[in-house]
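Just below is one structure, and these are the notes that go with it.
The values are calculated or read from the model by the stated rules, or taken from the named source; none is laboratory data. Predicted, not measured: the structure shown is a model, and the values here were computed from it. No Cβ is skipped: glycine too gets one built from the backbone with ideal geometry, and neighbour counts run over all protein chains shown.
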Amino acid sequence: MVITLALFSFVKTIYFSNDVIGTKIIIYQNNYYVFGNVLSNAFVIKLNQFKTAIWSKVIYNVNISDAVIYKDTIFLFTNFPFFSIIKMDKDGNLSTSITYSSNESFDKIFFSDAFGNLYLTSGNIILKINHLGRIMFSKSLSNVDYCNGTNDFYLLCRYNFQDLAIIKIDINGNILKSKSFGLYNSTFPIKLFRINGKFYVFSQYSDISNKYFIFIASLDTSLNQVLWSKIYKPVDNINLYVSSVELIDNKFIIAGNHFNDIFFISIDTLGNLLFSRKSKSLALEQNPKIFNNTILFYNQDSLSIFDFNVNDGSSCILDTILPLIIYNISTKPFQNISINSSDYEYSILDYPISEIDISVYENSYCKVSVSEKQSVNNFRNFYSLNGAVSNCNLKNFKIYLSKGKKILKVK
């Protein structure tokens, strides 16, 4: 009898003493940068390719809403207690920060870079930031809120507190086109993609029972026709709260919360379901964020990171299938809408920002797959406990796996 041990990628867990929210994960130059908030402070953690911490920083008295790495510089955008633009180098050294005072406190969300400038949305406000972190312009749009954008300057917003609006702007913030559509129930914008001459709109849908599910639509880029539109809801009728959507290998990966579990599902560009998975844990899990094939999520008292197979959803976490019902739904027709733009003023505020090194406790665990049908010679690379990949002589080998405080020996 031949037993094949297939070792999936590690789940890495980073422990905190208080509730923690992961806001983003970025893979840059084969390193992982984890961003988030704990209480009234922000943190940035750099991990190597094996997800082992290189450095960890806490930034006092701010909360991060988004981050981007541009030309080896980390830009952090905060939404509490003020709007701050913080610059760090890729080794975690704080270089400069600028804080602005305003009457709005929406999340600052990065959507594009052009000619050395960064573009953000903040509710119904568009901001242009130069490489020094200074605001070049800020424009407020009428009748919309909760906007987010694409790299080619299309915005997806909520219009009149119910419908969805797609707005085309130029690099100076001028409005070139604006149209609305939506369902006959309220919808909330999540993300917009423009691929091969089509738009793909992802939004949160609320039905008559006030349950939240997923509404996705494909549109032509002239914004005259809805090519298809579908609702995705679980068989058990429990809310699906979406927290992240990414395009990977021409497939959409959608992640969010299903009761106390996280879920991650995949659809193709026709809306067909490719896989649907959810975690199977007794712990509270929330707010998954995706970057490439990596998911960052809150796990009871910690942050956990794991990789998954984008083709079938297989991963290292204990999971199960999330049964979904998918059905077509009709939408309202497109309408031309009038969106006005006006300057919005931010004033510079003297607000000192400082950081300190911290230590994080890490743990790793894996699941294994045992098959009697596959040849053991098909598997050459295995992970040691410190995350390094090593080649094993598979004719006679021992592999040690850590799981909690137990050590398992496979022979």
Q. Out of curiosity, is ASP107 under 26 Å from GLU246 (Cβ atoms), charged (D, E, K, R) and exposed (fewer than 14 other Cβ atoms within 10 Å of the Cβ)?
A. no
**Q.** strands (runs of 3 or more DSSP E) contained entirely in segment 71-119, each with at least 3 residues that are within 17 Å of GLY36 (Cα to Cα)
**A.** 73-80, 83-89
Q.
If GLY173 meets every condition in (1) loosely packed, with under 15 Cβ neighbours inside 10 Å; (2) touching a residue at least 60 places away in the same chain (Cβ under 8 Å); (3) in a loop (DSSP other than H, G, I, E, B) apart from one, which number is that one?
A. (1)
Q: For PHE264, indicate whether it is at pLDDT 95 or above and within 14 Å of the chain's Cα centre (by Cα).
A: yes
Q | Complete set of residues in segment 19-30 that are within 15 Å of VAL68 (Cβ to Cβ) and not hydrophobic (A, V, I, L, M, F, W, C) | A | THR23, LYS24, TYR28, GLN29
Q) Does segment 81-100 include one or more residues that are over 15 Å from ARG134 (Cβ atoms), without any contact (Cβ under 8 Å) to a residue 40 or more places away in the chain and surrounded by 19 or more Cβ atoms within 10 Å (Cβ to Cβ)? A) no
**Q.** LEU247 vs. criteria modelled with pLDDT of 95 or more, loosely packed, with under 15 Cβ neighbours inside 10 Å, under 16 Å from the mean Cα position of the chain (by Cα) and closer than 27 Å to PRO333 by Cα
**A.** yes
Q: Select, from ILE109, ILE190, ILE171, ILE135, the only residue that is over 22 Å from the mean Cα position of the chain (by Cα), within 29 Å of ILE45 (Cβ to Cβ) and of a type in the set (A, V, I, L, M).
A: ILE135
**Q.** Looking only at segment 339-359, and only at residues there that are part of a loop (DSSP other than H, G, I, E, B) and among the aliphatic types (A, V, I, L, M), the one that is surrounded by the fewest Cβ atoms within 10 Å (Cβ to Cβ)
**A.** ILE358
